[in-house]
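Inspection log for the structure reproduced underneath, given as structure tokens.
The values are calculated or read from the model by the stated rules, or taken from the named source; none is laboratory data. Computed from a predicted structure; not experimentally measured. Cβ sites come from the backbone with ideal geometry, for glycine too, and all protein chains shown count toward neighbours.
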Ligand code: IMP
């Protein structure tokens, strides 16, 4: 895909590498949640591609729901403010919740979601993120399943965006501004 003028894209994780890792995560989740009622909760919008692949790599009956939170907008740094824009459609009482995120950066988003979902009577709440940028963490979050650790660089593709662009790139790419 052509980058917008003034921007350059460099592949950090190829679609093939991502697919292999997602298969592995799916197998682990399948083993860990045998016999337990599972709901995957995708955090919109960034997780939609990862969630679509991950849920098909999990060989268990499961439900899917989504939460939408305020995002960074055009900026590439976290404001630290988390606000629910779309709440869950279904109750999580009596279910094991696995939150599916695209990337954990400061940890503020997942920290908020963790508290929010535990207060709603889920049997357990665990976190799964495709990407982790540990160097930028502001609050510790228990990340039970993680795809890749990446350095402190802004990435797009495979669902991740900047200002709504590049979500449909098959690879995870570094966004370099010139
Ligand atoms: P946190 O609350 O700082 O952990 O931010 C998590 C959210 O910030 C993610 O769900 C993304 O929407 C966004 N984000 C953080 N880093 C990046 C990035 O490198 N590219 C695109 N979005 C990012």
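Could you count how many residues in the stretch 106-131 are at positive phi and surrounded by fewer than 19 Cβ atoms within 10 Å (Cβ to Cβ)? Quick ask: steps written out before the conclusion?
We begin by selecting, within the stretch 106-131, every residue at positive phi; these are 107, 121.
From the residues that got through so far, the ones that are surrounded by fewer than 19 Cβ atoms within 10 Å (Cβ to Cβ) too are 121.
Count: 1.
Tell me, yes or no, whether the stretch 29-41 has at least one residue that is under 20 Å from residue 173 (Cα atoms), modelled with pLDDT of 95 or more and part of a helix (DSSP H, G or I).
Keep residues of the stretch 29-41 that are under 20 Å from residue 173 (Cα atoms), which gives none.
Within the stretch 29-41 (the criterion being under 20 Å from residue 173 (Cα atoms), modelled with pLDDT of 95 or more and part of a helix (DSSP H, G or I)), the answer is no, since none of the residues qualifies.
Please work out which one of (1) in contact with a strand residue (DSSP E or B) (Cβ under 7 Å, 6 or more places away or on another chain); (2) within 12 Å of the ligand (Cβ to nearest atom); (3) at pLDDT 95 or above is the condition residue 161 fails and give its number.
(1)
Would you mind telling me which numbered condition in (1) surrounded by fewer than 19 Cβ atoms within 10 Å (Cβ to Cβ); (2) within 28 Å of residue 24 (Cα to Cα); (3) within 11 Å of the ligand (Cβ to nearest atom); (4) touching a residue at least 24 places away in the same chain (Cβ under 8 Å) residue 138 fails?
Of (1) surrounded by fewer than 19 Cβ atoms within 10 Å (Cβ to Cβ); (2) within 28 Å of residue 24 (Cα to Cα); (3) within 11 Å of the ligand (Cβ to nearest atom); (4) touching a residue at least 24 places away in the same chain (Cβ under 8 Å), only one is false for residue 138: (2).
Select, from 83, 118, 167, the only residue that is within 11 Å of the ligand (Cβ to nearest atom) and touching a strand residue (DSSP E or B) at 6+ places or on another chain (Cβ under 9 Å).
Working: 83 fails: within 11 Å of the ligand (Cβ to nearest atom); 118 fails: within 11 Å of the ligand (Cβ to nearest atom).
From the options 83, 118, 167, the qualifying one is 167.
Please verify whether residue 90 is more than 16 Å from the ligand (Cβ to nearest atom), touching a strand residue (DSSP E or B) at 6+ places or on another chain (Cβ under 6 Å) and modelled with pLDDT of 95 or more, treating the condition exactly as stated. Step through it out loud before you land on a result.
Details: more than 16 Å from the ligand (Cβ to nearest atom): yes; touching a strand residue (DSSP E or B) at 6+ places or on another chain (Cβ under 6 Å): yes; modelled with pLDDT of 95 or more: no.
Criteria not met by residue 90.
Checking the conditions here, which among 94, 121, 115 is outside any loop (DSSP other than H, G, I, E, B) and more than 12 Å from the chain's Cα centre (by Cα)?
Result: 115 is the single residue among 94, 121, 115 that is outside any loop (DSSP other than H, G, I, E, B) and more than 12 Å from the chain's Cα centre (by Cα).
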